[in-house]
Amino acid sequence: MTNLVDQKYYEAIRPRSIGERILVQARTRSYADFINACKPGPDASIIDIGVSDVVTDGANILEQLYPAPHRITAAGLGEGQAFRRAFPLVTYERISPGAALPFADQSFEIATANAVLEHVGGREQQERFILELVRVARQVYVTVPNRFFPVEHHTAIPFLHYWNPSFKLACGMLGKGHWAQQANLLLMTLGSLKQLAPEGRVVKTGFTGLPMGWFSSNLFLHIKRVEE
C-alpha cells in the first residue's frame, strides 16, 4: 500500500483482523443510526466529509452501503485515486484541512462526517468545522469515537486514554506520541460533542456503534434546521 494521506488513521486496525471486524460492526450500526435519524429520500443529496483513500472493509461505510451512490458527493484530503476506483458512481472532491468547503450554501440535504471531527484540531477548529457542515446542508450527522470506550480507537491503548496525562505517557512509551497532540486527536465525550452544536437548531446527541451504554464505541451529533 502506498503512503496515503489518511493511512495513519488505520494503523491500529489491520485488514481482515479481529479489530477490523469489530470496526465494521460498529460502523455498520452507525450507518443504520444515520439512516434512521436523517431519513434520506431517494433523491436526497449527501455530502460525506473526510472519506478515506484507504480502501478496506472498515473504511467508507456510507459509500459501501448506501443504495444510491450517485447521490453522494465525497470529500477527502488526498487525490482520491483508490476511492474513485472503488466507488465510480460517487462524485469526489478534494478539500484542504481547515479551509472552507468548496460548496455553496445549502447545496445538500445532508452533510455527514464519520470519525473526522476529532482530528480537525481544538475547540475553535471543531466549531468552524461544524458551522461549515451546517452552512452547506439542511441536516448534519457527525459521529466520533467515544472517549469512554475501553480501547482507544487510534492507538489500541486500553483505559489509559480516560486521563490525558496517562494517555500522553502511554503514547510516548509506545512510539505513538503524535496521537497525544491535540492537533492530531482530541478525545471526545457526549458533553463536549453537544457543546459544538450551534444555537437555533434542533440538536440531538447520543451513543452509536457498538452498544455498551455510556461505554459505547461511538457518539453522534444530529443537527437539523428548526423547520425540519
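Put a dot 7 Å past each Cα toward the Cβ at Arg135 and Ala99; how far apart are the dots in nm?
1.3
Any idea what angle helix 18-38 forms with the longest principal axis of the chain, computed on alpha-carbon atoms, 0 to 90 degrees, nearest 10?
30
In deg cm²/dmol, rounded to 500, what helix-only [θ] at 222 nm does the chain give when every DSSP H run of at least 4 residues adds -39500 (n - 2.57) and the total is split over its residues?
-8000 deg cm²/dmol
Give, as a single signed number, the net charge of other residues whose beta carbon lies under 15 Å from the beta carbon of Asn164, with Lys and Arg counted +1 and Asp and Glu -1.
Working: positive: Arg123, Arg147, Lys168, Lys176; negative: Glu118, Glu152.
Local charge sum for Asn164: +2.
For Cα extents along the principal axes in Å, the listed values are [x] 67, 37, 30; [y] 86, 43, 35; [z] 49, 40, 32; which was obtained by calculation from the structure presented?
Step by step, Cα extents along the principal axes in Å for this structure corresponds to label [z].
Once Lys and Arg get +1 and Asp and Glu get -1 on their Cβ, which of Phe103, Ser52, Ala75 lies farthest toward the positive end of the dipole of the chain?
Of Phe103, Ser52, Ala75, it is Ser52.
Taking a cut-off of 19 Å between Cα atoms, list the lysines near Lys194, but don't count ones fewer than 8 places away on the same chain.
In chain and number order, the partners are Lys204, Lys224.
Would you list Ser192, Ser96 from fewest to most Cβ contacts within 10 Å?
Details: Ser192 16, Ser96 9.
With the fewest neighbours first, Ser192, Ser96 line up as Ser96, Ser192.
Separation of the stretch 65-128 and the stretch 176-220 by C-alpha centroid, Å?
Centre-to-centre (Cα) distance: 19 Å.
Any chance you could run the full-extension gain for Tyr162 through Glu79? It's 0.36 nm times the residue separation minus the Cα-Cα distance, nm to one decimal.
Details: separation 83, 0.36 × 83 = 29.88 nm, distance 3.52 nm.
Between Tyr162 and Glu79, full extension yields an extra 26.4 nm.
Rule-based calculations on the coordinates, nothing more; no lab input. Note that the structure is a prediction, hence the values are computed from the model and not measured. All Cβ positions, glycine included, derive from the backbone under ideal geometry; neighbour counts span all protein chains shown.
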